[in-house]
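Here the structure is laid out as structure tokens; the discussion comes afterwards.
The values are calculated or read from the model by the stated rules, or taken from the named source; none is laboratory data. Keep in mind that this is a model prediction, so the values were computed, not measured. Heads up, the Cβs are rebuilt from the backbone with ideal geometry, glycines too, and the neighbour counts pull from every protein chain shown. Surface accessibility is based on the protein's heavy atoms, side chains included, excluding ligands, DNA and RNA. Shrake-Rupley method; radii C 1.70, N 1.55, O 1.52, S 1.80 Å.
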Amino acid sequence: MFQSLSDRLSGIFDGLTRRGALSDKDVSNALREVRRALIEADVALEVVREFTERVREKAVGAEVVRSVTPGQMVVKIVHDELVDMLGSDAEPISLAASPPVTLMMVGLQGSGKTTTSAKIAKRLTEKSRKKVLMASLDVRRPAAQEQLRQLGEQTAVDTLPIIEGQQPVDIAKRAQQAAKLGGYDVLILDTAGRTHIDEPLMVEMADIRKATDPHEILLVADALTGQDAVNLAKSFDDRVGITGLVLTRIDGDGRGGAALSMRAVTGKPIKLIGTGEKMDALEDFHPARIADRILGMGDIVSLVEKAAETIDQEKAAAMAKRMQRGEFDLNDLSEQLSQMQNLGGMGGIMGMLPGIGKMKKQIEEAGIDDSIFKRQQAIISSMTRKERKAPKLLNAKRKQRVAAGSGTSVQEINKLLKMHQQMAGMMKKMASQKGGLFGGGMMQKMLGGLGGGLGGGLPGLPGGMGGLGGGGMPDLSRMDPKELERMAQQMGVKLPKGGMGKKR
């Protein structure tokens, strides 16, 4: 997400921050590059022009000239303007109305409306404890209503029974009546789309809105459509009056121009972003955090939030006790690898750590990606219980058997065992240290060891991370739940209801 734009801006600002003083010419040259970077990221031209002018007004003033670190001041100005462009504060879906609160989903065919409807329903059911009813108003696309029904079964959310031949407005009215009688908190109306904007589509949307008076009208747009997404938002807002935006496939768009443009052009907030195909791959849109990611500052708060949602409280407490006894076997390593996948994989985690995103190119060149972790899990799964508990049992003959069973090589098994040995030592040290996962540079230390374990080092990385360095991978499941709660509260993270983690 925003990777190409982030790379370009990081390169521009690295040059600025190295200088002791900045002239007007330095600022102008930097802003010219920023302008090019934004245009290449598919940001609307009018938005680029307004953005760079606002930055220029502040960046050539006395505030920057007299600053101790003028380069960093320019970065701060750009950051603040990015936040302002994206909407300043996060604006989640509003449920401040008498139940059932009606949410109307609109957009073009193929933008992910139906899947997004189910994702939102799942999110409201699990996180907000709301009783949700979904209804498909799409009578044109073959099997559209059946698709929503199946997604409802998958997410354990009720859907309106299908009546063949009924028209969209009539379905919407029936859905509202069913939601009232059934005591539902939220009703989600999944409307029909087209492959392009046309008059019949807009008339149908307007009729549904008039008949149901929805509390929220959410435009679902595919981030990969770039400038077309901006035009789409303007058209729907003019004709139907949208209240917010949901951007899908944001993980597949390295440019991010749609996200940066749509809020500025329509004035309507981006409420949610789809970050993957899984039903839980939906995030609140936080402008300040997104600006941090774009400028390579990381997003620790989101990482803590993800950890708070995925950590198994009881399992984490049991593991903490085992670690204090110096116990760390290959079952534990396998669980670490799974935890890493749950938190977004190697790329997802590194994108949230300040300054580490710049190493992405080096990591890719070294051939380190999530597929390696899957191979390592396959190796561990091919071992016997005794071997996982006591890796020293793995002699040459056993390693050959495991390699054949996992489709890997003895060399890969040796690397895995070396990494486990390094991590076992690190886990033992962590058990006796205070400050938690984010204290005392522990996150950097935990990223160490990948070089030795995965083969080959990455020279020139930050302290504690040479060769991706000397100790292990990030593992939030090993952190004491109370410590993570404390860190989350300090960062202003709202923890899930019922306390830290999931009890299973």
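Summary table
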item	result
Distance between modelled label sites at LYS374 and GLU153, nm, 7 Å Cα→Cβ extension	2.7 nm
Whole-Hz ³J(HN,Hα) from phi, Karplus 6.51 cos²θ - 1.76 cosθ + 1.60, for region 383-398, glycine and proline x	8, 7, 4, 5, 5, 5, 6, 9, x, 5, 5, 6, 8, 4, 5, 5
Net length gained if the chain between ASP284 and ASP213 were fully extended (0.36 nm per residue, minus Cα distance)	23.1 nm
Residue-wise HN-Hα coupling along region 77-84, computed from phi with Karplus coefficients 6.51, -1.76, 1.60 (Hz; x: Gly, Pro)	4, 4, 4, 5, 5, 4, 4, 5
³J(HN,Hα) computed for each position of region 123-129 - Karplus, 6.51 cos²θ - 1.76 cosθ + 1.60, integer Hz, glycine/proline x	4, 5, 5, 7, 8, 9, 6
D_trans [Stokes-Einstein, Kirkwood Rh over alpha-carbon pairs] for region 84-166, 20 °C, 1.002 mPa s, µm² s⁻¹	151 µm²/s
Carbon and sulfur %, accessible surface of region 183-289 computed with the full protein complex present, 1.4 Å	45 percent
Descending semi-axes in Å of region 198-293, equivalent ellipsoid built from Cα gyration tensor	24, 14, 13
Nearest-0.05 FRET efficiency for GLN341 and SER94, computed from C-beta distance (R0 51 Å)	0.95
Global geometry of region 128-225, whether rounded, prolate or oblate, following the gyration tensor of its Cα atoms and the 1.5 cut on a/c	rounded
Sequence ranges 125-133, 258-266, ranked by mean other-Cβ count within 10 angstrom, highest first	258-266, 125-133
Cross-link table LYS119/LYS173; LYS130/LYS210; LYS278/LYS374, entries beyond 21 Å C-alpha to C-alpha	LYS119/LYS173; LYS130/LYS210
Modelled FRET efficiency - R0 35 Å, LYS127 with THR384, Cβ distances, 0.05 increments	0.30
Counted charge near ARG56, where neighbours are those whose Cβ lies closer than 12 Å (Asp, Glu -1; Lys, Arg +1)	0
12 Å beta-carbon shell around ARG194, net charge (K/R +1, D/E -1)	-1
Residues ASN395 and ASN29, FRET efficiency given R0 of 45 Å [Cβ-Cβ distance, rounded to 0.05]	0.10
